Amino acid sequence: MINDKHNIIETIESRTFVVLDVGCGPGKKKPEWIGIDALDFEGVDIVGNIYEIVTHFPDKSVDEIHSYHFFEHIPDIVTLLQEFQRILKNGGVIKTVVPHFSNAYFYSDYTHKHFFGLYSMSYLVKDNLFRRRVPNYQVHIDLTLDAVHLRFSSPFLITRMFRKFYEVVINSSNLFKEIYEDSWSRNFPCYEIEYIMKK
């Protein structure tokens, strides 16, 4: 268990490629990644509050940061992205997956604090992908939105097959993604959305 600032620095200095799996729970994606979670599940390397933990990482010490269904649970996305930007090496990548706002199951989980759509990260980081421009509200995070993928799924096999078909079509261009969210998202719900950001 990596449990203090000294251990964090020692751990990252011993690795040539540092990847964080933030909010990993019991399902850390790869054993060599550093798993971070508020709860002490098996496979979690650092247990605690992410806002405190991330302050222990030196500037430009991390190559990649991954999270899966984590950002919707935290109170302050801006502060965390600013810290992630600080600890990422130049050329580093953040990959995060969150529920799309049209996902009916999003509303079942009372711990969800934020909605996410196609443009959510465009308000926070540089976006050269989409035609629609959004304000940044004076938030300056030195990251660039590199890709956004809409994922369509269902717990029911019959609807999952249809959704996978239009996932391919909609993700074939950024324009199709924009048209989908503007005109079709209420009739054909999206399950989740992946944002890829680079420093």
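The values are calculated or read from the model by the stated rules, or taken from the named source; none is laboratory data. Since the model is a prediction, treat every value here as computed from it, not as a measurement. Note that we place each Cβ from the backbone using ideal geometry, even for glycine, and neighbour counts take in every protein chain shown. Accessible surface areas use protein heavy atoms only, side chains included; no ligands, DNA or RNA. Shrake-Rupley method; radii C 1.70, N 1.55, O 1.52, S 1.80 Å.
Below is a table of values for the structure above.
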item: Residue in the range 127-137 that is of a type outside the set (Phe, Trp, Tyr), surrounded by 15 or more Cβ atoms within 10 Å (Cβ to Cβ) and free of Cβ contacts under 8 Å to residues at least 60 places away in the same chain present; result: yes
item: Unique residue being in contact with a Cys (Cβ under 8 Å, 6 or more places away or on another chain), hydrophobic (A, V, I, L, M, F, W, C) and closer than 23 Å to Phe70 by Cα when the list is Leu145, Leu118, Leu150; result: Leu150
item: Residue within the range 57-71 that is assigned to a helix (DSSP H, G or I), modelled with pLDDT of 95 or more and either of a type in the set (S, T, N, Q) or open to solvent by less than 20 Å² (accessible area, probe 1.4 Å) (or both) present; result: yes
item: Check on Phe101, part of a helix (DSSP H, G or I) and crowded, with 18+ Cβ neighbours inside 10 Å; result: no
item: Filter pass, His114 being open to solvent by 40 Å² or more (accessible area, probe 1.4 Å) and part of a loop (DSSP other than H, G, I, E, B); result: yes
item: Boolean, Thr159 is polar (S, T, N, Q) and buried (at least 17 other Cβ atoms within 10 Å of the Cβ); result: no
item: Residue count, the range 83-98 (criterion: loosely packed, with under 15 Cβ neighbours inside 10 Å and polar (S, T, N, Q)); result: 1
item: Yes/no for Ser61 being hydroxyl-bearing (Ser, Thr, Tyr) and either over 23 Å from His149 (Cβ atoms) or out of contact with any Asp or Glu (no Cβ under 9 Å at 6 or more places or on another chain) (or both); result: yes
item: Restricting the range 1-22 to residues that are in contact with an Asp or Glu (Cβ under 6 Å, 6 or more places away or on another chain) and assigned to a loop (DSSP other than H, G, I, E, B), the residue that is least open to solvent (accessible area, probe 1.4 Å); result: Val18
